[in-house]
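To start, the structure under review is shown below, and the notes come after it.
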Amino acid sequence: MNELLSQLHQAAEAEGFQLTGVAPAVDSGGFHRLTQWISSGYAASMDYFANRLHAYEHPRHVLGGVRSILVLTYPYDAVTRRPVALGDGRIARYVGDGRDYHDVLHPRLRRLGKIIVAADAGATVRGIVDTAPLMEREVAIAAGLGWQGKNTLLLNQHHGSYFLLACLLTSAELPLSQATPSNHCGTCTACLDACPTQAFPQAGVLDAARCISYLTIEHDGPIAKDLRAGVGDWLFGCDVCQDVCPWNRKPTRRADANDVRGNESLIAALNLAELFELDDEEFRSRFRKTPFWRSRRRGLLRNAAVVLGNQRSTTAIAPLTKGMCDTEPLVRAAAAWALGQIGGDSAISTLRNRRDCETNADVIEEIDHALGAALAAKTS
């Protein structure tokens, strides 16, 4: 089996994976923390955690007869980024070149799985990329790939946290890696202190309902008013707690990731005005096979409106006016709020005109709130 493991390591490196390790398939030691997290309400609307809670107790609920878990990391954009231009929205690093990472990683996992089956004809395998009830970070720690940081992400001393996790479960018994549970965060609280929406009630605990990544990707309703300013210019996802982490800020970390991924065209921002020009079919055509599809058109336009409101540029009034006429109440409401943040005669005129013909109660409430803010700013 040592020869098989060596073969898997070499093949994984050829597939672009950066770190590999093997963990035993055992009961989850952190299952009680997951149940506490859910009962505290920190899962927000992600009820799929509670709906399949029991499955997280042991990897056998993902693959029957599993003995070993090959854990791999796949690096993404780690280069130093410039501030986004006015009228653009910032994109999380993991989006990379815009391909859905599930579509990128699953074929690679299948090829690695074939190596196991070729060596052990009776073996079963299943590749997982964050869509099955598996405690991936706990398993990764058991596989010796790092420790959980105070921002809840897996950290590695040599590669920071700019990577995706993938797991290959198998009934084959692979040689285990040595776990390295040591925590190297020390007294540092940079990630906790930098979070714009204070999404960490304590170290190692994330309140998803306040997390910008959750709000801009998973959340399907309006973003709470008290959190909108904290979203800043983040259109999709957020990297703040990673970007301030000392383990991600050394040049060697950035060079490692760039060497593995090559010179792909990376997406760091999107023009916001252009998004308001897309109807459902155009949105589907442009984003169907990308991570942006996760938030759907209505969610991405909601985010775009919030970012434009935070940027407070009068050049955004035209696309936001278009947003006020959108078929989706969620988009109209966010556009109204943004116009209220920008203020001025043109924004006030648009809000008043739309107030006269709006029929959705939630949107009317947002318009009234926006008009109040814009008029107060004008008279102050």
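Any residue at all in the stretch 62-78 that is modelled with pLDDT of 95 or more, among the small types (Gly, Ala, Ser), out of contact with any helix residue (DSSP H, G or I) (no Cβ under 9 Å at 6 or more places or on another chain) and at positive phi?
There is at least one residue in the stretch 62-78 that is modelled with pLDDT of 95 or more, among the small types (Gly, Ala, Ser), out of contact with any helix residue (DSSP H, G or I) (no Cβ under 9 Å at 6 or more places or on another chain) and at positive phi.
If I go through the stretch 223-250 residue by residue, how many of them are surrounded by fewer than 17 Cβ atoms within 10 Å (Cβ to Cβ), assigned to a loop (DSSP other than H, G, I, E, B) and modelled with pLDDT of 95 or more?
Here the count works out to 1.
Residue 182 - would you say it is in a loop (DSSP other than H, G, I, E, B), within 28 Å of residue 157 (Cβ to Cβ) and out of contact with any Gly (no Cβ under 6 Å at 6 or more places or on another chain)?
Taking the combined requirement at face value, the residue satisfies it.
Which residues, taken from the stretch 111-140, are assigned to a helix (DSSP H, G or I), open to solvent by 60 Å² or more (accessible area, probe 1.4 Å) and either touching a residue at least 60 places away in the same chain (Cβ under 8 Å) or touching a strand residue (DSSP E or B) at 6+ places or on another chain (Cβ under 6 Å) (or both)?
111, 119, 137
State whether one or more residues within the stretch 167-178 are at pLDDT below 95 and either open to solvent by 50 Å² or more (accessible area, probe 1.4 Å) or touching a Leu at 6+ places or on another chain (Cβ under 8 Å) (or both).
yes
Would you be able to tell me the number of residues in the stretch 274-292 that are open to solvent by 40 Å² or more (accessible area, probe 1.4 Å) and either over 22 Å from residue 339 (Cβ atoms) or of a type in the set (A, V, I, L, M) (or both)?
Kept after step one, since they are open to solvent by 40 Å² or more (accessible area, probe 1.4 Å), are these residues of the stretch 274-292: 274, 277, 279-282, 284-286, 288-289.
Okay, now just the ones that are also either over 22 Å from residue 339 (Cβ atoms) or of a type in the set (A, V, I, L, M) (or both), so 280-282, 284-286, 288-289.
The number of residues fulfilling the criteria is 8.
Could you tell me how many of the residues in the stretch 197-220 are assigned to a loop (DSSP other than H, G, I, E, B), farther than 16 Å from residue 304 by Cβ and in contact with a helix residue (DSSP H, G or I) (Cβ under 7 Å, 6 or more places away or on another chain)?
Restricting attention to the stretch 197-220, the residues satisfying the condition of being assigned to a loop (DSSP other than H, G, I, E, B) are 197-201, 203-204, 206-207, 211, 219-220.
The next check asks that each one be farther than 16 Å from residue 304 by Cβ; those that pass are 197-201, 203-204, 206-207, 211.
Next cut, in contact with a helix residue (DSSP H, G or I) (Cβ under 7 Å, 6 or more places away or on another chain) only: 197-200, 203.
Qualifying residue count, the stretch 197-220: 5.
Let's see how each residue does on (1) aromatic (Phe, Trp, Tyr); (2) more than 17 Å from the chain's Cα centre (by Cα):
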site	(1), (2)
144	no, yes
153	no, no
156	no, yes
159	no, yes
171	no, yes
187	no, yes
200	yes, no
213	no, no
242	no, no
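Name the single residue that is surrounded by the most Cβ atoms within 10 Å (Cβ to Cβ) among those in the stretch 185-221 being out of contact with any strand residue (DSSP E or B) (no Cβ under 8 Å at 6 or more places or on another chain), over 22 Å from residue 159 (Cβ atoms) and among the β-branched types (Val, Ile, Thr).
Result: 197.
The conditions are (1) surrounded by 14 or more Cβ atoms within 10 Å (Cβ to Cβ); (2) without any contact (Cβ under 8 Å) to a residue 60 or more places away in the chain, and residue 182 fails exactly one of them. Which is it?
(1)
Suppose we filter the stretch 315-341 for residues that are over 26 Å from the mean Cα position of the chain (by Cα) and open to solvent by 30 Å² or more (accessible area, probe 1.4 Å); how many remain?
Total meeting the criteria: 7.
Pick out the one residue from 120, 103 that is among the acidic types (Asp, Glu) and modelled with pLDDT of 95 or more.
Just a single option satisfies the conditions, and that option is 103.
Can residue 227 be described as under 23 Å from residue 246 (Cα atoms) and in contact (Cβ under 8 Å) with a residue 24 or more places away in the chain? Can you show your working first?
Working: under 23 Å from residue 246 (Cα atoms): no; in contact (Cβ under 8 Å) with a residue 24 or more places away in the chain: yes.
Judged against the criteria, residue 227 is not a match.
Assuming residue 143 fulfils every condition listed in (1) in contact (Cβ under 8 Å) with a residue 60 or more places away in the chain; (2) surrounded by fewer than 20 Cβ atoms within 10 Å (Cβ to Cβ); (3) farther than 25 Å from residue 202 by Cα apart from one, which condition is it?
(2)
Checking the conditions here, which among 312, 297 is among the charged types (D, E, K, R) and open to solvent by 80 Å² or more (accessible area, probe 1.4 Å)?
312 is the lone residue from the list that is among the charged types (D, E, K, R) and open to solvent by 80 Å² or more (accessible area, probe 1.4 Å).
Scan the stretch 22-65 residue by residue and report those that are open to solvent by 40 Å² or more (accessible area, probe 1.4 Å), part of a helix (DSSP H, G or I) and closer than 30 Å to residue 7 by Cα.
Of everything in the stretch 22-65, those that are open to solvent by 40 Å² or more (accessible area, probe 1.4 Å), part of a helix (DSSP H, G or I) and closer than 30 Å to residue 7 by Cα turn out to be 60, 61.
Among residues belonging to the stretch 4-19 that are in contact (Cβ under 8 Å) with a residue 24 or more places away in the chain and open to solvent by 40 Å² or more (accessible area, probe 1.4 Å), point out the one that is nearest to residue 210 (Cα to Cα).
Filtering the stretch 4-19 for residues that are in contact (Cβ under 8 Å) with a residue 24 or more places away in the chain and open to solvent by 40 Å² or more (accessible area, probe 1.4 Å), the one nearest to residue 210 (Cα to Cα) comes out as 18.
The values are calculated or read from the model by the stated rules, or taken from the named source; none is laboratory data. All of these numbers come straight from a predicted model, not from anything done at the bench. When we count neighbours, we look across all protein chains shown, and the Cβ atoms used for this are built from the backbone with ideal geometry, even at glycine. Remember, those area values only see protein heavy atoms, side chains included, never the ligands or the DNA or RNA. Shrake-Rupley method; radii C 1.70, N 1.55, O 1.52, S 1.80 Å.
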